[in-house]
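A short write-up of the structure that comes next.
The values are calculated or read from the model by the stated rules, or taken from the named source; none is laboratory data. For clarity, every value in this text was computed on a predicted model and none was experimentally measured. Here the Cβ positions follow ideal geometry from the backbone for every residue, glycine too, while neighbour counts run over all protein chains shown.
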Amino acid sequence: MKKDNSFENKSLEELRATKAKYQKIAAAVAGLMTVALLFIVYVAIKTKNWGQLGTLGVIGTLLPLFVSIQNLDKEIKRREQHP
């Protein structure tokens, strides 16, 4: 089955704009998650409730966003090499 690649239907300018938007979203979410994770670690240490550290696995939720950014970057490079 052929993989659906919605990036092929966009122009190079649209791809660059989408990549910039995804990077801004990733930076914002990563910043918020960093603050939240620091708070969780602080609370876990303060209360000695180490079970709360299990929530650190939430970092994996950013993986699909980073994969999309990588795919966008590959498509942009491919188009720049073969105009």
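Some points to look at:
- Residue check for Thr34: in a helix (DSSP H, G or I), within 16 Å of the chain's Cα centre (by Cα) and over 20 Å from Ser68 (Cβ atoms): yes
- Flag if Ile40 is assigned to a helix (DSSP H, G or I), of a type in the set (Val, Ile, Thr) and modelled with pLDDT of 90 or more: no
- Residue that is farthest from Ile25 (Cα to Cα) [pool: residues in the stretch 58-80 that are surrounded by 12 or more Cβ atoms within 10 Å (Cβ to Cβ) and of a type in the set (A, V, I, L, M)]: Ile76
- Here Ser11 clears all of (1) closer than 30 Å to His82 by Cα; (2) surrounded by 10 or more Cβ atoms within 10 Å (Cβ to Cβ) except the condition numbered (2).
- The set of residues from the stretch 29-83 being among the aromatic types (Phe, Trp, Tyr) and farther than 17 Å from Thr18 by Cα comprises Phe39, Tyr42, Trp50.
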